[in-house]
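Asks: Dropping the structure in here first, questions after.
The values are calculated or read from the model by the stated rules, or taken from the named source; none is laboratory data. Every value quoted in this text rests on a predicted model; they were computed, and no experiment measured them. Cβ placement follows ideal geometry from the backbone for every residue including glycine, while neighbour counts extend to all protein chains displayed. Ligands, DNA and RNA are stripped out before the accessible areas are found, and what is left, the full protein with its side chains, is counted by its heavy atoms. Shrake-Rupley method; radii C 1.70, N 1.55, O 1.52, S 1.80 Å.
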Amino acid sequence: MPEQAYMTLVGGAMPADTERVTKKLPDKKILTRKLRAMYEARRDFEDRWKEIRDYQLPYIGEFDNTADKTNPARRRDLEIAMNVAWHSAEIFAAGIMSGLTPPSRQWFRFGFKRPELNSNVEAMKVADQRQEIVSYVLAKSNFYPAIHSCYFELPFGQAPLGIFYDPKNGVRFQAMTIGTYALASDGFGKVTTFARKYEMTLSQLIECFGKEALPENLKHISETNGTTTKKYTVNWLVMPNNDQLPGYMDNLNMPFISAYWLDKSGPNEYLYVGGFEEEAIPVARYQVTGLQPYAQGPGWFAIGDAKALQVLKRDQLSAIELMVKPPMKGPATLMGTGGINLVPGGMTVVNDQMTNQMVTPTFNVNADLNGIQAEIASVSDSIKRSYSADLFMMMEGIPDTKRMTAREVMERTNEKLQQLGPVVERLQAEFLNVIIQRVYNILDRAGAFPPVPDELADVLNEEDLEVDYISPLAQAQKMGGLVNIEQMLAQVGQMAQIWPEVTMKVDPIATVGKYAEMLGAPAIMLRSDEAVQEMMAAQQEQAAQQEEMQQQMAMAQGVAAPMADAAKNLTAAANDANPALTSWMGIPGGWD
């Protein structure tokens, strides 16, 4: 799709794949009821999210009817005495980032659904070229900061990520924080509907949607008082277009509807109505139960430990304070002389009659600080396990790592990371697949990919690409297959020392191809099967020629040897003064 087909306003690219819909607008009452029902359905989850926020991740989230909007600069960590959960969330987000979508290395590649095409080196070069373009666009955009924010939100259970066309960088991403959105799923448990409520000032509304999109009353306010700081609530709903006509792809028949409107606006007053050609707001989910759109994350599993940790830490601090500064008692007459001086180095004045009633502690505190510290460490470790922080920091807990071989380190690492297998599979299937498909389609519509070579046009005609993940976490899941190949080859090598014929069972060319495929090696590293066959034929022909030359040399040597012996005998006879031979050979001294 050409660039001008996307709606672009003053504030940047509009979050839609079509121009603004101006006729046959959807029924606003239906959309409003849908959004209200979604927010009502999430009410039971809000209490848990707020609890996780208050005791674990205080600086994430924005909830209605709280000081999040009225006083965003306030302290939010008043319930927290020890930040184990926050630090664990940092490790978790960084670990998932570096393990699943590392910015510093290739973490996905394209392949074909037909297996035979994956062994076609020229076809795979086309797939690799498109993968490089997609990777470049992701690196150039704000993808990596946005997806890191999503990983930081995963402890709440889920994290949506908006993907929009951007005329400058190709694509633009927007992460949504907990409390600002609502979700709905279909009958298969897949999240299909997204709703969001957020606030914007009048100037922000004009920058984003244009002045002409405002309701009449706001147009008047913008003309008379354009500097107002009052905020207005924007409703945004993205849902499947159930009225889509088959075979039509105009702005009224997009697979998904995207509609914006203001609270308390008129029946047909929309800020914007457009659509998406594919799913544009994938949702990363940690652990899902049933058909619920909302998931459970590490914060759900660590909430009990997080609360216990704050109690233990405060008790520990109170015990230390009571031991250092115990409550004191003394005679009542001290009140007349200034009371008890608790300042270090200070003096409390008593008279001689009061010497029998000296100032003493009210009670002695003999707290088991070591026991409290051990319990704090135990609860902290439990929180780290809930966040999988112990997996990503596991090398710190392994003794004598300097004595371990690289192979031992790799095997231990893969063994630990495989515990995240279910989470990795869900993130790839529900989240990363949608992201890459969406970005690929945006670039394809914008004409960012070079045309397919003519010799491959018939082979790749209407052939679908699929994504293969080669990130460290994805490779950890596949490592079992690679290890099997390595072990089999090692065993064959050992057996071949006794029974050389076992090597005939192994196809080395096919083995290398399969190993490279599982490892995710670029197609440019491999030769095509045809090229390999040609090279093998050339080698066989060269070997045959060399063998023929050797045979000819052997035959020549076989003929030359008797002649050399005869010549030697003749020379010896001549040297023995045989007159006839000497004369025949022209040696002086023979017959005249």
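Asks: Between residue 348 and residue 537, what length in nm is gained on full extension when 0.36 nm per residue of separation is reduced by their alpha carbon distance?
Replies: Gain on stretching residue 348 to residue 537: 57.6 nm.
Asks: Report the extension gain between residue 378 and residue 548 in nm, rounded to one decimal, defined as 0.36 nm multiplied by the number of residues separating them, less their alpha carbon distance. Please report the intermediate quantities before stating the final value.
Replies: Values: separation 170, 0.36 × 170 = 61.20 nm, distance 7.82 nm.
The span from residue 378 to residue 548 would gain 53.4 nm if fully extended.
Asks: Cross-link candidates for residue 384: which lysines have Cα within less than 23 Å, leaving aside residues fewer than 8 places away along the same chain?
Replies: 50, 307, 313, 416
Asks: Can I ask one more? Could you rank the peptides 490-499, 170-179 by their average count of other C-beta atoms within 10 Å per residue, with the highest value first?
Replies: Ranking, from highest mean packing down: 170-179, 490-499.
Asks: For the range 139-298, what is the accessible area per residue in Å², given a 1.4 Å probe and the full set of protein chains?
Replies: On a per-residue basis, 40 Å².
Asks: Ok, one more. Ignoring ligands, DNA and RNA, what percent of the 1.4 Å accessible area of the range 138-256 is carbon and sulfur?
Replies: For the range 138-256, the apolar C and S fraction of the accessible surface comes to 51 percent.
Asks: For residue 23, list the aspartates and glutamates whose Cα falls under 17 Å from its own Cα; do not include residues on the same chain fewer than 8 positions away.
Replies: Within the straight-line cut-off, residue 23 pairs with 212, 243, 250, 269.
Asks: Quick one: which of 25-32, 203-210, 149-156 comes out on top by average Cβ neighbours within 10 Å, and what's the full order, highest first?
Replies: The densest-packed peptide leads the list: 149-156, 203-210, 25-32.
Asks: Right, something else. Separation of the range 13-45 and the range 262-317 by C-alpha centroid, Å?
Replies: Going from one Cα centre to the other spans 19 Å.
Asks: Hey, another quick one. Any idea of the accessible area per residue across the range 58-97, 1.4 Å probe, to the nearest Å²?
Replies: Values: 2010 Å² over 40 residues.
Per-residue accessible area for the range 58-97 comes out at 50 Å².
Asks: Still on this structure, I have one more. Calculate the FRET efficiency for residue 70 and residue 444 from the Cβ-Cβ distance with a Förster distance of 45 Å, rounded to the nearest 0.05.
Replies: Efficiency at R0 = 45 Å is approximately 0.50.
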